[in-house]
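The values are calculated or read from the model by the stated rules, or taken from the named source; none is laboratory data. In this text the structure is predicted, and so the values were computed from the model without any measurement. Virtual Cβ from ideal backbone geometry, glycine too; neighbours counted across all protein chains shown. Accessible surface is based on the protein model in full, side chains and every heavy atom, while ligands, DNA and RNA are left aside. Shrake-Rupley method; radii C 1.70, N 1.55, O 1.52, S 1.80 Å.
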Amino acid sequence: MRIEWTDYDTEARGYLVVDTLVSGMATGGTRMRKGCTMSEVEDLARGMSAKTATFGLPIGGAKGGIDFDPKDPRAVDVLTRFCDAMRPFLDRHWVTAEDLGVPQHLIDEVFARLGMRQSYHAAIERSTDPAATTERVMAGLNAHARGGPLGDVIGGYGVAQACLAAAATWGWRTADTTVAVQGIGTMGGGAAWYLHDAGMTIVAVADAEGTLYDPNGLDIPALLGTRNAYGEIDRTRVPAHVQQLPRDAVLSTAVDILVPAAVSYALRGDNCAHVDARVVVEAANAATTPDAELDLTARGIAVIPDFVANAGAVAWAWWLLLGYVGDDPDDSFDRLRSEMTDKVGGLLATWEPAQGPLRWAADASTGRGRVATPIHIP
């Protein structure tokens, strides 16, 4: 199902795509960026179906998108009007959350403005005790974890575990493994923090202003501490010895692991030849175009697809809704680490480039075509 919406106050265009329904429900975040298209949202909705199937979640896949600059002072009002227009779906069928340009706290503010409990509203309303479920969800989202509020960092933690699982599968020493991260917002910043915490060397990070590079390793916690609301590092607080390079230089940095965690389609046929990594871990949704993925695979570079690598956030959200985890961050971290290690390790253990992109094997193992079963949310 595809819905296109026009905001007559600003002429912004909004899109909702429901790719699959399971038990009458679908899940997927809402993004806002200038230039967002219906086809982009379609790709992302398909990816959400793959994510939920990969982790065996009782939910289908959907996605929302708004073609508007999130830095525009009118952005919150545009997001509010979009959610109000989509309310028939948000009330009963579509569970949404943060995505590019829309942090979780902002979409929750919009839902509160519209009189809904929280962005998981459609699932919460199906629960046995909506008030208790809301309390559990909010406690989990706001639980204090190493690195920040659990709801903000869990997705990046999952990406970091995908990277660590790849390194372990191939016998790389953690301390000798180098990483470059494109995009250091919620997902990329979280991944960088937990990889640095685990002992990997982050030699390059990029935001909208450019790439920061230090072959000896960046002080990730210090740099992340200077970010503004849009995930951009304060250049006046960057140490003098750190090299400041063009934004796309991060993609060609010689590293073991490249983590594209910014916009969709960052790796394309016209730039993938510059990638100098041994594995690409897709923290961004649809980070690699199909032609680029084929080219990278032909060069022996594994691309761990988004619907595995960055699915930790949606998996955790549903574990929280279903009561499998609560407000203890260690429980959430342990479960996600175990799941991600098994999935990534299993995919890479027998993979050879001649078999084609890793995505093909991952897609074959997702178990799509599930029989819809009733969702019980306590």
Kindly indicate the residue of the range 332-360 that is over 19 Å from the mean Cα position of the chain (by Cα) and of a type in the set (A, V, I, L, M) and also least open to solvent (accessible area, probe 1.4 Å) among those meeting that condition. L348
From the options T373, T297, residue that is at pLDDT 95 or above and of a type in the set (S, T, Y): T297
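Filter the range 209-230 for residues that are out of contact with any helix residue (DSSP H, G or I) (no Cβ under 9 Å at 6 or more places or on another chain) and either polar (S, T, N, Q) or open to solvent by 20 Å² or more (accessible area, probe 1.4 Å) (or both); which is nearest to G183 (Cα to Cα)? It would help to see each step written out before you state the result.
Of the residues in the range 209-230, the ones out of contact with any helix residue (DSSP H, G or I) (no Cβ under 9 Å at 6 or more places or on another chain) are 214-216, 228-230.
Among the residues that remain, those that are also either polar (S, T, N, Q) or open to solvent by 20 Å² or more (accessible area, probe 1.4 Å) (or both) are: 215-216, 228-230.
Details: P215: 18, N216: 20, N228: 13, A229: 13, Y230: 10 Å.
It comes out as Y230.
Does any residue of the range 300-307 turn out to be among the acidic types (D, E), without any contact (Cβ under 8 Å) to a residue 40 or more places away in the chain and buried (at least 22 other Cβ atoms within 10 Å of the Cβ)? Full working, then the answer.
As a first pass, look at the range 300-307 and keep what is among the acidic types (D, E): 306.
After this cut, where a residue has to be without any contact (Cβ under 8 Å) to a residue 40 or more places away in the chain as well, the list is none.
No, the range 300-307 contains no residue that is among the acidic types (D, E), without any contact (Cβ under 8 Å) to a residue 40 or more places away in the chain and buried (at least 22 other Cβ atoms within 10 Å of the Cβ).
Can you say whether R46 is open to solvent by 20 Å² or more (accessible area, probe 1.4 Å), in contact with a strand residue (DSSP E or B) (Cβ under 8 Å, 6 or more places away or on another chain) and either touching a residue at least 12 places away in the same chain (Cβ under 8 Å) or of a type in the set (A, V, I, L, M, F, W, C) (or both), as far as the supplied structure shows? I'd like the intermediate steps shown before the answer.
Numbers: open to solvent by 20 Å² or more (accessible area, probe 1.4 Å): yes; in contact with a strand residue (DSSP E or B) (Cβ under 8 Å, 6 or more places away or on another chain): yes; either touching a residue at least 12 places away in the same chain (Cβ under 8 Å) or of a type in the set (A, V, I, L, M, F, W, C) (or both): yes.
Yes; evaluated as a whole, the condition is true for this residue.
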Failed condition for H241, given (1) part of a strand (DSSP E or B); (2) farther than 17 Å from A160 by Cβ: (1)
What's the total number of residues in the range 230-264 that are under 27 Å from E40 (Cα atoms) and without any contact (Cβ under 8 Å) to a residue 60 or more places away in the chain? 7
Here are the criteria: (1) in contact with a strand residue (DSSP E or B) (Cβ under 8 Å, 6 or more places away or on another chain); (2) of a type in the set (S, T, N, Q); (3) surrounded by fewer than 22 Cβ atoms within 10 Å (Cβ to Cβ). Tell me which single one T253 does not satisfy. (3)
Out of the residues in the range 53-75 that are aliphatic (A, V, I, L, M) and touching a helix residue (DSSP H, G or I) at 6+ places or on another chain (Cβ under 7 Å), which is farthest from D19 (Cα to Cα)? I66
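Any chance the range 256-273 includes a residue that's β-branched (V, I, T), out of contact with any Ser or Thr (no Cβ under 6 Å at 6 or more places or on another chain), modelled with pLDDT under 95 and surrounded by 13 or more Cβ atoms within 10 Å (Cβ to Cβ)?
yes
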Just name the residue that is most open to solvent (accessible area, probe 1.4 Å) out of those in the range 60-86 that are more than 13 Å from Y15 (Cα to Cα) and of a type in the set (K, R). R74
For the range 171-208 the number of residues that are assigned to a loop (DSSP other than H, G, I, E, B), modelled with pLDDT under 95 and either open to solvent by 40 Å² or more (accessible area, probe 1.4 Å) or farther than 29 Å from H105 by Cβ (or both) is 1
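Please state which one of I202, I220 is on the phi < 0 side of the Ramachandran plot and in contact with a Leu (Cβ under 7 Å, 6 or more places away or on another chain). Even if it seems obvious, please write down each step before you answer.
On the way: I220 fails: in contact with a Leu (Cβ under 7 Å, 6 or more places away or on another chain).
Result: I202 is the single residue among I202, I220 that is on the phi < 0 side of the Ramachandran plot and in contact with a Leu (Cβ under 7 Å, 6 or more places away or on another chain).
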